[in-house]
1. Filter the range 98-136 down to residues that are among the polar types (S, T, N, Q) and surrounded by fewer than 18 Cβ atoms within 10 Å (Cβ to Cβ), then give me how many there are.
2. Somewhere in the range 49-64, is a residue out of contact with any Pro (no Cβ under 8 Å at 6 or more places or on another chain), within 26 Å of residue 157 (Cα to Cα), free of Cβ contacts under 8 Å to residues at least 24 places away in the same chain and surrounded by 18 or more Cβ atoms within 10 Å (Cβ to Cβ)?
3. If you take the residues of the range 157-187 that are modelled with pLDDT under 95 and not small (Gly, Ala, Ser), which of them is farthest from residue 121 (Cα to Cα)?
4. When residues of the range 67-96 are filtered for being more than 21 Å from residue 151 (Cα to Cα), in contact (Cβ under 8 Å) with a residue 40 or more places away in the chain and part of a loop (DSSP other than H, G, I, E, B), how many remain?
5. Counting just the residues of the range 141-174 that are under 19 Å from residue 63 (Cβ atoms) and among the charged types (D, E, K, R), which one comes out surrounded by the most Cβ atoms within 10 Å (Cβ to Cβ)?
6. Considering the range 138-187 alone, what residues qualify as being among the acidic types (Asp, Glu) and in a helix (DSSP H, G or I)?
7. Report yes if residue 99 is aliphatic (A, V, I, L, M), at pLDDT 95 or above, in contact with a strand residue (DSSP E or B) (Cβ under 6 Å, 6 or more places away or on another chain) and not in a loop (DSSP other than H, G, I, E, B), otherwise no.
Amino acid sequence: MAPRIVVLGRQGAGKGTQCARLVDAHGIIHVSTGDMLRAAVAAGTELGQQADAIMKAGDLVPDDVMIGIVGERLAEADIMENGVLLDGFPRTPAQADALEAILADQGNELDAAINIDVPLDEVTARMMARGREDDTPEGIARRLELYEEQTAPLIEWFSARDKLVIVDGMGTEDEIFARVEGSLGLS
């Protein structure tokens with residue numbers, strides 16, 4: 001059965017790196033919210049057109065549009081066959097409820113929500129080392145604060161359903177990947 005996995009972790013925790021490794025090793029399809037939105041806009045779907053207008057106005061895409069775009073993407077053949085690593089969705093318990101319903105309609109369920117856990121001081125240091133223009137101490141602190149606010153209820157949601165897997169995100173990429181694979185039963 002193709003796995004359906006949500007990937008969580010603070011900015012700088014190495015989600016993108018670990019997702020890329022899972023894609024290479026197991027052929028699971030990595031889907032990030034940003035990629036999904038851009039693909040829906042490029043494809044000119046009705047939901048993509050709605051999202052495009054909202055983003056051009058500088059607003060956040062509301063749950064109903066985001067859920068519709070995710071639902072469309074999860075129904076595509078590559079994901080049905082190979083599974084999915086969802087990165088950036090769900091962001092709220094309401095979106096998690098919708099994800100659960102979308103998967104149930106397909107005869108599937110969420111296998112796990114993996115949280116790559118890296119301490120605040122370490123992710124801050126990693127982001128500062130990247131040297132991106134928006135990676136100022138204040139900007140990093142604000143993004144991490146927002147992440148904590150938004151993600152805490154989601155962590156509780158997955159935990160209450162026995163879907164939460166916490167992986168230590170400290171160490172080498174290989175060490176972390178071995179933990180990720182092992183925690184998901186993929187090794």
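The values are calculated or read from the model by the stated rules, or taken from the named source; none is laboratory data. Quick caveat: nothing in here was measured; it's all calculated off a predicted structure. Every residue, glycine among them, receives a Cβ derived from its backbone with ideal geometry; neighbour counts consider all protein chains shown.
1. Step one: list which residues in the range 98-136 are among the polar types (S, T, N, Q), which gives 106, 108, 115, 124, 136.
Going one step further and asking which of them are surrounded by fewer than 18 Cβ atoms within 10 Å (Cβ to Cβ), we end up with 106, 136.
Residues flagged as among the polar types (S, T, N, Q) and surrounded by fewer than 18 Cβ atoms within 10 Å (Cβ to Cβ) within the range 98-136 amount to 2.
2. Start the filter on the range 49-64 by keeping residues that are out of contact with any Pro (no Cβ under 8 Å at 6 or more places or on another chain), which leaves 49-53, 55-64.
Okay, now just the ones that are also within 26 Å of residue 157 (Cα to Cα), so 60-64.
Next cut, free of Cβ contacts under 8 Å to residues at least 24 places away in the same chain only: 60, 62, 64.
Narrowing further to those that are surrounded by 18 or more Cβ atoms within 10 Å (Cβ to Cβ): none.
Checked against the condition, which is being out of contact with any Pro (no Cβ under 8 Å at 6 or more places or on another chain), within 26 Å of residue 157 (Cα to Cα), free of Cβ contacts under 8 Å to residues at least 24 places away in the same chain and surrounded by 18 or more Cβ atoms within 10 Å (Cβ to Cβ), the range 49-64 yields no hits at all.
3. It comes out as 186.
4. Of the residues in that region, 1 qualify.
5. Residues of the range 141-174 that are under 19 Å from residue 63 (Cβ atoms), as a first pass: 146-147, 149-158.
The next check asks that each one be among the charged types (D, E, K, R); those that pass are 149, 156.
Numbers: 149: 9, 156: 12.
Out of the qualifying residues, it is 156.
6. Passing the criteria: 138, 145, 148, 149, 156, 173, 174, 175, 181.
7. no
Table: residues versus (1) among the charged types (D, E, K, R); (2) in contact with a Phe, Trp or Tyr (Cβ under 8 Å, 6 or more places away or on another chain); (3) over 28 Å from residue 70 (Cα atoms).
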| site | (1), (2), (3) |
| --- | --- |
| 93 | no, yes, no |
| 109 | yes, no, no |
| 116 | no, no, no |
| 126 | yes, no, yes |
| 148 | yes, no, no |
| 151 | no, no, no |
